[in-house]
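Please treat every number below as a calculation from the coordinates, not as lab data. Values in this document were obtained by computation on a predicted structure and should not be read as measured data. Here the Cβ positions follow ideal geometry from the backbone for every residue, glycine too, while neighbour counts run over all protein chains shown.
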Amino acid sequence: MNDDTTSGTPRFAIRDQIAEITLDRPHHHNRIDPDDLAPLMAHLRTVRTSQECRALVITGTGTQTFSSGYTLSAIVEQLDGRFEAFLDALEQCPVPTICALNGSVYGGATDLALCCDFRIGVSSAQMFMPAARIGLHYYPGGMRRYVTALGIANAKRLFLTGITIDATEMLRIGFLTDLVDSHTDALNERVAHYVDAIRVCEPGVVRSMKTQLNQIAAGERDALISRTDYENSLVSEELRARLAALKR
């Protein structure tokens, strides 16, 4: 979450069991180009297959824009299934995901944010969904995420009018999980607060509960009645050890 002015493909690093993807085109509002999708998918595969990674943070370079979404000039000829596949994979990432919105967010990047479990934004941020303005009927997965996270009324307001809303309204409707002052330190501190809380939790239980919560939200009946992971946790050594530690 630094403010350097280099630009290029998204940067990726894992430090102290926390993965971070940084969108890195600040002079172009951290747009996502078609050539970014392969490395972004590779980064997600690394996170998914790592048994050590505890969380994923996605942010942008600079203080103006988190991301303007998919490159406008590539929408007609290069907006294929790759972008949707990346977003679906991000939504299903097994570890908790935190979108650290260092600035405003537009277009497909709003859907990227909704794929994350937590969205922490700065008070200067704004958002809008321009699909109707440019004549694009949005793909169903993105509309589903809007409806699931924000409700049908807010999804219609944002999709059918293309209006811009500010950070306070983003928080009110549930687009943002948390809101901080517009400076890098405040954002970093709040992200660290979430990361520290995740570190305390048992990673296997976090992964299994995230999976089941996503399935319940998607209306999967089996997830509503499944008790397998719950019953397995009841007989786990990890539960016994943590309960014993609390009694000391």
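By how many degrees, 0 to 90 and rounded to 10, does the Cα axis of helix 203-217 deviate from the longest principal axis of the chain?
60 degrees
Inverting the mean 1/r over all pairs of different Cα atoms, compute the Kirkwood radius of region 76-199 and quote it in Å.
Answer for region 76-199: a Kirkwood hydrodynamic radius of 15.0 Å.
Per-residue counts of other Cβ atoms within 10 Å, averaged by peptide: what ranking do you get for 97-106, 59-68, 32-41, highest first?
Final packing ranking: 97-106, 59-68, 32-41.
Name the residues whose placed amide hydrogens come within less than 5 Å of the amide hydrogen of TYR70, ignoring near sequence neighbours (fewer than 5 apart) on the same chain.
The answer is ILE32, GLY108, ALA109.
Take the alpha carbon atoms of region 206-248, find their center, do the same for region 109-161, and report the distance between the two centers in whole angstrom.
30 Å
Relative contact order (percent) for region 8-199, with alpha-carbon contacts under 8 angstrom and 6 or more residues of separation?
Reported as a whole number, the value is 18 percent.
Let's see if you can work this out: charge +1 on each Lys and Arg Cβ, -1 on each Asp and Glu Cβ, no other charges. What is the dipole magnitude of region 8-199 about its Cα centre, in debye to the nearest 20?
360 debye
Report, in degrees rounded to the nearest 10, the 0 to 90 angle that the Cα long axis of helix 237-247 makes with the longest principal axis of the chain.
Roughly 80 degrees, rounded to the nearest 10.
By the 4.7 Å beta carbon criterion, which cysteine residues of the chain come out unpaired?
Unpaired cysteines in the chain: CYS53, CYS93, CYS115, CYS201.
In deg cm²/dmol and to the nearest 500, what is the mean residue ellipticity at 222 nm of the chain if only DSSP H runs of at least 4 residues count, each as -39500 (n - 2.57), divided by the residue total?
That comes out to -14000 deg cm²/dmol.
Which listed residue (THR228, LEU246, ILE216) has the Cα farthest towards the positive end of the charge dipole for region 202-247, taking +1 on Lys and Arg C-beta and -1 on Asp and Glu C-beta about the Cα centre?
Selected residue: LEU246.
Can you tell me which of 228-234, 107-113 comes out highest on packing, and rank the rest after it, using the mean Cβ neighbours within 10 Å?
So the order, starting with the most tightly packed, is 107-113, 228-234.
With r defined as the distance between the Cβ atoms of LEU136 and ALA89 and R0 fixed at 35 Å, what FRET efficiency is calculated, to the nearest 0.05?
Plugging the Cβ-Cβ distance into 1/(1 + (r/R0)^6) gives 0.95.
May I ask for the Rg/Rh ratio of the chain, computed from Cα atoms with Rh as the Kirkwood radius, given to two decimals?
Radius of gyration over Kirkwood radius for the chain works out to 0.98.
How large is ³J(HN,Hα) for each residue in region 175-184, as worked out from phi by the Karplus curve 6.51 cos²θ - 1.76 cosθ + 1.60 (θ = phi - 60°), to whole Hz, x for Gly and Pro?
5, 9, 7, 8, 9, 10, 4, 7, 8, 4
Give the average over all directions of the projected area of the C-alpha convex hull of region 202-247, one decimal, in nm².
3.4 nm²
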